[in-house]
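The values are calculated or read from the model by the stated rules, or taken from the named source; none is laboratory data. Predicted model only: the values in this text are computed from it and were never measured. FYI the Cβ positions are ideal-geometry reconstructions off the backbone, even for glycines, and counts take in every protein chain you see. All accessible areas refer to the heavy atoms of the entire protein, side chains included, with ligands and DNA or RNA removed. Shrake-Rupley method; radii C 1.70, N 1.55, O 1.52, S 1.80 Å.
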Amino acid sequence: MKIIQASLCLISLLLILPSIFAASSSSEDFDFFYFVQQWPGSYCDTQKKCCYPTTGKPAADFGIHGLWPNYKDGTYPSNCDQTKPFDQSTISDLINSMKKSWPTLACPSGSGETFWEHEWEKHGTCSESVIDQHEYFQTALNLRQKTNLLGALTKAGINPDGKSYSLESIRDSIKESTGFTPWIQCNRDESGNSQLYQVYLCVDRSASGLIECPVFPHGKCGDEIEFPSF
């Protein structure tokens, strides 16, 4: 009888272990973060258009897009833990800052909750071995304040005035200010002109500070790109 009971316990353990391993490995297995900020003028100045949040037009400043766990081979994990859905009550103390620094521009207009939910469930759940839900959003807010992209660019005479600036000068001004090399993503306005859209910086696996990016995403901007107003 004892042998049968022991066998049943062993079988149960073997059935459970794969699911435990899958859950833990999916949330722990990454190498670094991309911290991505977007220029609202470039998001809106396309054929796709945009909608301001229900709280009104955001400030003319870079807004957070996300904090994304990544692998050094350029791929990334996603939707790692369905048991930890977005819970706005866990970040109630951050909501005012989120509305200012992480605004939604998607249509139809929204409060931002859908945007934040998407970012947490697709990307944030893959970083649970390092930071919990509150820390995930707090970390991104801290990084935005620390990097101050618009301040870095305007200090170098690069202003959101619709003029074109060299990609090299944009990259160099951000590197000089932050100490690390950014990756610049462009999109195109309604006339097909290349414009400054998103800035990627890399963060170490512990989410404690910026690092040089192990790998950059694919894509290319022109040598001269527009910096549209907003």
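Quick notes on this one:
- Radius of gyration and Dmax over the Cα atoms of the stretch 70-165, both given in Å: 15.9, 47
- Chain lengthening between PHE180 and ASN159 when straightened (0.36 nm per residue, less Cα-Cα): 5.5 nm
- Most to least accessible of HIS65, HIS118, HIS218 (protein chains only, probe 1.4 Å): HIS218, HIS118, HIS65
- Karplus-based coupling profile of the stretch 129-142, in residue order and whole Hz: 6, 10, 9, 7, 4, 5, 5, 4, 6, 4, 4, 5, 4, 5, with θ = phi - 60° in 6.51 cos²θ - 1.76 cosθ + 1.60 and x standing for Gly or Pro.
- Normalised by 2.2 N^0.38 Å, where N counts its residues, the alpha-carbon radius of gyration of the stretch 98-230 equals 1.12.
- Extension gain (nm, one decimal) between SER169 and SER208, 0.36 nm per residue minus Cα-Cα: 11.3 nm
- The Cα-based radius of gyration and maximum Cα-Cα distance (Dmax) for the chain are 20.7, 82 Å.
- Solvent-accessible area, 1.4 Å probe, carbon plus sulfur percent, for the chain: 52 percent
- Only helical runs count toward this figure. For the chain, summing -39,500 (n - 2.57) over DSSP H runs of n ≥ 4 and dividing by all residues gives -11000 deg cm²/dmol at 222 nm.
- Rolling a 1.4 Å probe over the heavy atoms of the protein chains gives the chain an accessible area of 52 Å² per residue.
- With 19 Å as the limit on Cα-Cα distance, the pairs of LYS57/LYS100; LYS57/LYS99; LYS146/LYS175; LYS57/LYS155; LYS100/LYS146; LYS57/LYS163 that go past it are LYS57/LYS155; LYS57/LYS163.
- Considering only the chain, percent of DSSP beta bridges that pair antiparallel, nearest 5: 95 percent
- Note on the stretch 140-201: semi-axes of the ellipsoid equivalent to its C-alpha gyration tensor, largest first and rounded to whole Å, are 20, 13, 11.
- Highest average packing first - 110-117, 208-215, Cβ atoms within 10 Å: 110-117, 208-215
- Derived scalar couplings between HN and Hα for the stretch 172-179 equal 5, 5, 5, 5, 5, 6, 8, x Hz in order, rounded to whole Hz, by the Karplus curve 6.51 cos²θ - 1.76 cosθ + 1.60 (θ = phi - 60°), x for Gly and Pro.
- Near the amide H of CYS202, within less than 5 Å, lie the amide hydrogens of PHE35, ILE211, CYS213, all on another chain or at least 5 residues away, with H placed in the peptide plane.
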